[in-house]
Amino acid sequence: MHLSYRTVIALSVIAGIATSGSAFAHGTMSKPSSRVYSCYQGNPENPTNPACAAAKTIGGAQPFYDWAGVNQANANGNHQAVVPDGELCSGGNSKYRGLDLNRSDWPTSPIHADSRGRYTFEFKAPAPHATREWKFYVTRDGWQPDSPLRWADLQEFCTVGNVPVSGDVYKLDCPLPKRSGQHIIYNTWQRSDSGGGFYTCADGRFE
């Protein structure tokens, strides 16, 4: 089959767009569901969740569709230097600033430890990358869900190195700290194949 010059050019452009899109799509926590992923799954154009609706008022619906892109390109593991207090859920990325709203009505996921006292987190990654490390944090006892999230509010509880991806999901097994009620699980993912760091903010109910 012989294709015309114009057809070849058109197909090349389409392929380039597809490749470019996947190259910049990286990932977010799907279990428990991150704020941005929950808002994406819950009707991004007309959110029924009031916190998602408020976030849409600030930044529109597009950040929800771009749920895999909460990142800093040159983090190089220096996450506290590139992500300021009060901007942790957006990863210091102004496009996602609606995720930093101080509210207690964000969508929440149930979280409970298995018989080993552990929990398997799932990070959905349409474009997998080599990993330097994953770090997990949880808000300290006494933290209030409608208050700004600062680094000092977080307690680190798990670090995981490079793990194989299963389909488009990384499964990350961690000991689960003892908490009760609503808390935030905060995760940083530092790639080893670039300086890019990715950030997820998941609201959970510890049971």
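Structural remarks
- Only one of Leu172, Leu149 that is open to solvent by less than 30 Å² (accessible area, probe 1.4 Å), closer than 21 Å to Gly77 by Cα, part of a loop (DSSP other than H, G, I, E, B) and in contact with a Phe, Trp or Tyr (Cβ under 8 Å, 6 or more places away or on another chain): Leu149
- Under the condition of being open to solvent by less than 10 Å² (accessible area, probe 1.4 Å) and in a loop (DSSP other than H, G, I, E, B), the residues counted in the range 175-196 number 1.
- Of note, Val160 satisfies the criterion of being open to solvent by less than 30 Å² (accessible area, probe 1.4 Å), without any contact (Cβ under 8 Å) to a residue 60 or more places away in the chain and over 27 Å from Ser104 (Cβ atoms).
- Ser109 vs. criteria at pLDDT 95 or above, surrounded by fewer than 17 Cβ atoms within 10 Å (Cβ to Cβ) and touching a strand residue (DSSP E or B) at 6+ places or on another chain (Cβ under 7 Å): yes
- Lone qualifier among Ala51, Ala81, Ala61, Ala55 - being open to solvent by 80 Å² or more (accessible area, probe 1.4 Å) and at pLDDT 95 or above: Ala81
- Against the criterion of being at pLDDT below 95, of a type in the set (A, V, I, L, M, F, W, C) and touching a Pro at 6+ places or on another chain (Cβ under 8 Å), Ala25 qualifies.
The values are calculated or read from the model by the stated rules, or taken from the named source; none is laboratory data. Since this is a predicted model, take the numbers as computed values, not measurements. Here the Cβ is made from the backbone with ideal geometry for all residues, glycine too, and neighbour counts use every protein chain on show. Side chains are part of the model used for accessible areas, which takes the heavy atoms of the whole protein and leaves out ligands, DNA and RNA. Shrake-Rupley method; radii C 1.70, N 1.55, O 1.52, S 1.80 Å.
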